[in-house]
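All remarks here apply to the structure that follows.
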Amino acid sequence: METVEKNQEYTVMIDDLTHEGLGVAHIDRFPIFIENALPEEKVDIVVVKTGKKFAYGKVLNRVTNSQHRVPIKDMDLLRSGIAPLSHMDYGYQLAFKQEQVQRVMTKIAHLPEVPVLPVLGMDEPYGYRNKAQIPVRKLNDELSTGFYRKNSHQLLPIEDYFIQDPVIDQAILVVRDILRRFKVKPYNEEENTGFLRHLVIRRGYYSHEMMVILVTRTAKFFQASRIAEAIQKALPEVVSVVQNVNSEKTNVIMGNENSLLAGKESINDQLLGRTYRISPQSFYQVNTRQAEVLYQTAIDFAELKPDDIVIDAYCGIGTIGLSFADRVKHVYGVEVVPEAIEDAQANARTNQQNNVTYQVGKAEKVMKQWAQLEIKPSVIFVDPPRKGLAEDFIQVSAELGPDRIIYISCNPATLARDLERYEKLGYHPEKVQPVDLFPQTYHIEAVVALKKVEQ
Ligand code: SAH
């Protein structure tokens with residue numbers, strides 16, 4: 001077998017895609033992962049990195065083009081990883097995602113017979129993100145905004161982020177210019193010096209209310225109120241300017257400490273006709289239109305009835321449970337971030353829903369408390385972060401004996417792992433519906449309806 005070595009050049013056929021959308025070619029069965037290469041393309045490559053099980057290659061020249069290739073708007077969108085699928089036509093992106101889910105259902109869940117439905121996509125699959133988290137660094141001797149080059153912390157000075165609400169893209173530049181004008185010092189990551197680390201901006205899709213969060217290394221903020229005032233003056237949609245302090249040398253963007261610089265402490269937006277308050281620390285789905293499609297799918301799968309007792313686990317600000325609370329008997333929500341639970345409680349009041357109970361804590365713990373209190377849910381919704389469900393959560397949720405479990409997942413690999421565990425505990429997935437919340441990226445969201453198997 002030929003050994004693949006660094007700096008060697010080859011002409012290869014791409015025969016597959018990784019879950020991150022990299023092209024895969026094989027040399028004597030040894031896989032090489034290649035950016036910006038699609039199945040059925042013939043490419044000249046140079047090997048840039050080798051490992052024991054695979055290597056990375058770079059395209060030198062494309063000999064043939066896939067019929068699914070589309071012109072890349074800006075190479076920085078691939079280089080930065082902002083839009084790693086932006087060289088694929090959208091129909092092909094959706095087929096790729098369906099295939100990825102099908103693969104994990106076979107290989108990880110060992111449930112190949114469960115139908116994976118075609119992915120629900122967007123008519124306009126760009127400009128959808130309602131939130132931006134933008135690093136602020138010094139570039140060419142001035143404060144700059146942009147995005148990191150992939151696998152590095154080198155800033156690319158991007159202005160059009162393609163997948164973000166274009167109003168947010170504009171706001172980033174307006175805020176950047178104000179920060180320059182006030183001579184604010186950008187953060188220096190290597191030395192953990194300087195001041196302004198990140199700019200986080202949220203904009204309500206329906207409300208158009210904007211929140212600007214200035215993430216700083218230290219608390220003392222010279223001219224903070226004048227800067228906040230200038231931001232509000234230049235951007236009339238901004239109803240909230242917040243300082244968040246993060247002094248740690250870390251990749252985590254936000255710290256725990258917030259102080260209000262101008263306006264109010266949260267913004268509002270609507271989802272499925274209900275109004276929600278969103279605080280700086282709270283999770284909120286970044287693609288509002290598709291979040292509505294996702295929630296509606298989950299609600300339809302749940303086949304809710306007026307006497308249902310429902311658990312909304314990993315509830316965030318309460319958006320899933322509050323969407324149907326008026327159609328069931330009671331909703332119990334659990335969430336680990338205290339600010340999110342405060343939002344959820346406020347959201348229940350705003351939407352005049354008093355049949356909801358919220359609890360701060362880890363879902364796996366609180367579920368056990370509820371089991372002891374003999375709460376008997378008929379439906380459980382779960383919407384965990386990428387790492388999926390804790391094993392003891394799966395255990396108690398099955399012991400509680402609901403008729404249906406609706407699993408909303410942002411990571412097919414952990415979803416498939418958890419589905420195998422549920423299958424062993426008598427919960428069988430009926431169908432999987434992927435929803436494209438993250439067009440142009442390889443992220444995949446899916447809803448699964450599980451039913452208790454009658455014994
Ligand atoms: N259902 C909400 C939030 C989903 S995101 C929505 O659709 O908007 C996942 C949420 O789980 C986040 O709010 C996160 O803070 C929370 N979380 C993470 N780990 C948790 C745990 N162990 N227990 C409870 N909540 C958790």
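Just a few scattered comments:
- Restricting the search to strands (runs of 3 or more DSSP E) fully inside the stretch 204-310 and requiring at least 2 residues that are in contact (Cβ under 8 Å) with a residue 40 or more places away in the chain and within 30 Å of residue 377 (Cβ to Cβ) gives 267-271, 274-278.
- Near pairs, Cβ below 6 angstrom, 6+ apart or cross-chain, from the stretch 93-118 (outside the structural domain of residue 419 (by TED's automatic domain parsing) and closer than 27 Å to residue 83 by Cα) to any residue that is assigned to a loop (DSSP other than H, G, I, E, B) and open to solvent by less than 10 Å² (accessible area, probe 1.4 Å): 93/85
- Residues of the stretch 263-288 satisfying the condition of being in contact with a Phe, Trp or Tyr (Cβ under 8 Å, 6 or more places away or on another chain) and away from the ligand (no atom under 12 Å from the Cβ): 268, 270
- Positions within the stretch 69-111 being hydrophobic (A, V, I, L, M, F, W, C), buried (at least 19 other Cβ atoms within 10 Å of the Cβ) and touching an Asp or Glu at 6+ places or on another chain (Cβ under 7 Å), in sequence order: 78, 94, 109
- In the condition set (1) of a type outside the set (Val, Ile, Thr); (2) away from the ligand (no atom under 13 Å from the Cβ); (3) under 20 Å from residue 351 (Cβ atoms); (4) buried (at least 19 other Cβ atoms within 10 Å of the Cβ), residue 291 is compliant with all but (2).
- Filter result for the condition that a residue is under 28 Å from residue 443 (Cβ atoms) and either surrounded by fewer than 22 Cβ atoms within 10 Å (Cβ to Cβ) or more than 14 Å from the ligand (Cβ to nearest atom) (or both), over 359, 296, 352, 345: 296
- Just one residue in the set 419, 437, 415, 389 is assigned to a helix (DSSP H, G or I), within 15 Å of the ligand (Cβ to nearest atom), within 29 Å of residue 85 (Cα to Cα) and modelled with pLDDT of 95 or more; that residue is 415.
- Of the criteria (1) surrounded by fewer than 18 Cβ atoms within 10 Å (Cβ to Cβ); (2) not in a helix (DSSP H, G or I), which one residue 369 fails: (2)
- Within the stretch 305-337, restricting attention to residues that are surrounded by fewer than 19 Cβ atoms within 10 Å (Cβ to Cβ) and of a type outside the set (D, E, K, R), the residue that is farthest from the ligand (Cβ to nearest atom) is 306.
- Subset of the stretch 350-366 (residues that are assigned to a helix (DSSP H, G or I) and charged (D, E, K, R)): 364, 365
- Hey, residue 402 more than 15 Å from the ligand (Cβ to nearest atom), open to solvent by less than 10 Å² (accessible area, probe 1.4 Å) and not in a helix (DSSP H, G or I) or not: yes
The values are calculated or read from the model by the stated rules, or taken from the named source; none is laboratory data. Since the model is a prediction, treat every value here as computed from it, not as a measurement. Here Cβ is always computed from backbone atoms with ideal geometry, including for glycine, and neighbour counts include all displayed protein chains. The protein model used for the area step is the full one, side chains on, heavy atoms only, and it has no ligands, DNA or RNA in it. Shrake-Rupley method; radii C 1.70, N 1.55, O 1.52, S 1.80 Å.
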